[in-house]
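The values are calculated or read from the model by the stated rules, or taken from the named source; none is laboratory data. Model, not experiment: these values are computed from the prediction. Methodologically, a virtual Cβ is constructed for each residue, glycine included, from the backbone with ideal geometry; neighbour enumeration extends over all protein chains shown.
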């Protein structure tokens, strides 16, 4: 998902992983893979996410955790239409990958550090920072101030160590 981030049909702001269902107010007992915000109609909306290689992997969770329903099921291959009532949206990453021109697919595999559009941005402008959720802006500011090598891009900050990308913070 990270390598395809700039090509996804949704704008996500990831907020937390491995969420306790009771703390989140859910009736089921399954720890959710992620909590995020999705940009919809110019407004950030809270969503829950599950990640599976195949969408059919959700069946096992449904058997063990009655009442499970997620906003987004992110999978490589969507092979189980019967689980669609339990996921409001299904994001099939293979379909996103296959929709890219062959040069972009090749670049994703051979040189993921330069995948997707990226043009240097002015750090002091705050335009990228403003794209992060309010909750995450102070965290990103802290990282920028304390990390020795940060490259601003179109919709992310890339945190480097020499020529190696250590991690990316995507808005």
Subset of region 80-95 [assigned to a helix (DSSP H, G or I) and crowded, with 16+ Cβ neighbours inside 10 Å]: 83, 86, 93
Some residue of region 34-41 being assigned to a helix (DSSP H, G or I) and either assigned by TED's automatic domain parsing to the domain that holds residue 156 or surrounded by fewer than 17 Cβ atoms within 10 Å (Cβ to Cβ) (or both): no
Scope region 1-27; condition in contact with a helix residue (DSSP H, G or I) (Cβ under 9 Å, 6 or more places away or on another chain) and either within 18 Å of residue 65 (Cβ to Cβ) or in a strand (DSSP E or B) (or both); matching residues: 12, 13, 14, 15
Complete set of residues in region 112-135 that are at pLDDT 70 or above and either part of a loop (DSSP other than H, G, I, E, B) or in contact with a helix residue (DSSP H, G or I) (Cβ under 7 Å, 6 or more places away or on another chain) (or both): 127, 128, 129, 132, 133
Filter result for residue 28 (surrounded by 16 or more Cβ atoms within 10 Å (Cβ to Cβ) and more than 27 Å from residue 99 (Cβ to Cβ)): yes
Residue match in region 97-107 (condition: under 26 Å from residue 32 (Cβ atoms), at pLDDT 85 or above, in the same structural domain as residue 39 (by TED's automatic domain parsing) and part of a helix (DSSP H, G or I)): yes
From 60, 26, 78, residue being on the phi < 0 side of the Ramachandran plot and at pLDDT below 90: 26
